[in-house]
Each structure stands twice: as C-alpha cells, then as structure tokens.
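The values are calculated or read from the model by the stated rules, or taken from the named source; none is laboratory data. Since this is a predicted model, take the numbers as computed values, not measurements. All Cβ positions, glycine included, derive from the backbone under ideal geometry; neighbour counts span all protein chains shown. These area figures cover heavy atoms from the full protein model, side chains too; ligands, DNA and RNA do not enter into them. Shrake-Rupley method; radii C 1.70, N 1.55, O 1.52, S 1.80 Å.
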Amino acid sequence: MRLAGMRSARGFTLVEVLVALTLVAIALMASLRATAALSTQAHEVRQRAMAQWSAENRLARMRIEREWPPLGRRSAACPQAELPLVCEEEVFATPNAQFRRVEIRVYPSEAEKIRLARLTGFATNQP
C-alpha cells in the first residue's frame, strides 16, 4: 500500500504533460493570431485617419482661398504623414448658383481604388 501512495506523489504522467503542452500551444497560437490582427487593424485605422485629414485639409484650403472649383472631376496627390495618398475631387452644381457641392474621396494610390475616406462639403462663390 505504501508503494501506491508514493507512485501517485512522484509527478505527472507523460499523457498529462502532452495535454498541458497542447493547451499551451493552442493558447499561444491564438494570442499570436490576435496580435497580428490588431497590428493590421491599427495600420488601417491610421491610414483612414490620415485620409480623412487629407480630405478635410483640401476642403478647408478651398474655403480659405475662396476657390470656386470648376465642375467635373479631378485628381491630385495629397500625401499625409509620409503616406502617398491620392485625392479625387468631384464638383457638382446645386440649385443655388452660388454653391457647389464638392465630394472628396481619398485612395491609397492611383492604382489602388480602395476608398479610405469620403468627405462632402460645399464651396461658395463669394467676392
């Protein structure tokens, strides 16, 4: 009887150790996957924030300089924080001849047409 008591007090069996290692490996893989997803999301959030700022800057510059934009579509580089962004601006007529609706869409590059931001505002024709 003494031998049975001593045997159980000696340690873990090989099966118990393998099960524990498997559980630890699964937990580590899950945490690595979550970390990678968070890193990707952080990069996307930063890109979208910079794109929104680029669009807001363009609209603000238009208002400050009292620019009366021509109708139609035009595209220009609008880099922000070392990101090579491209702003596509589309200007529409409104029922009021003194206002024009301006839509600004921001893309990561000329080739990539994944819209990062979109901003709609108005330009006025004031002397």
Practice task
For region 82-93, state whether one or more residues are more than 22 Å from Ala42 (Cα to Cα), of a type in the set (Gly, Ala, Ser), touching a residue at least 24 places away in the same chain (Cβ under 8 Å) and surrounded by fewer than 17 Cβ atoms within 10 Å (Cβ to Cβ).
Solution key: no
Handout entry: Hits in region 42-80 - residues which are among the small types (Gly, Ala, Ser), open to solvent by 50 Å² or more (accessible area, probe 1.4 Å) and closer than 17 Å to Val106 by Cβ
Key = Ser75, Ala76, Ala77
Practice task
Consider Ser39 carefully, then state whether it is surrounded by 12 or more Cβ atoms within 10 Å (Cβ to Cβ), within 17 Å of the chain's Cα centre (by Cα) and among the hydroxyl-bearing types (Ser, Thr, Tyr).
Solution key: no
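With the requirement that a residue be small (Gly, Ala, Ser) and at pLDDT below 90, what does region 15-44 give you?
Hits for region 15-44 are Ala34, Ala36, Ala37, Ser39, Ala42.
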Practice task
Considering (1) among the small types (Gly, Ala, Ser); (2) surrounded by 10 or more Cβ atoms within 10 Å (Cβ to Cβ); (3) outside any helix (DSSP H, G or I), say which one Gly11 fails and leave the rest.
Solution key: (2)
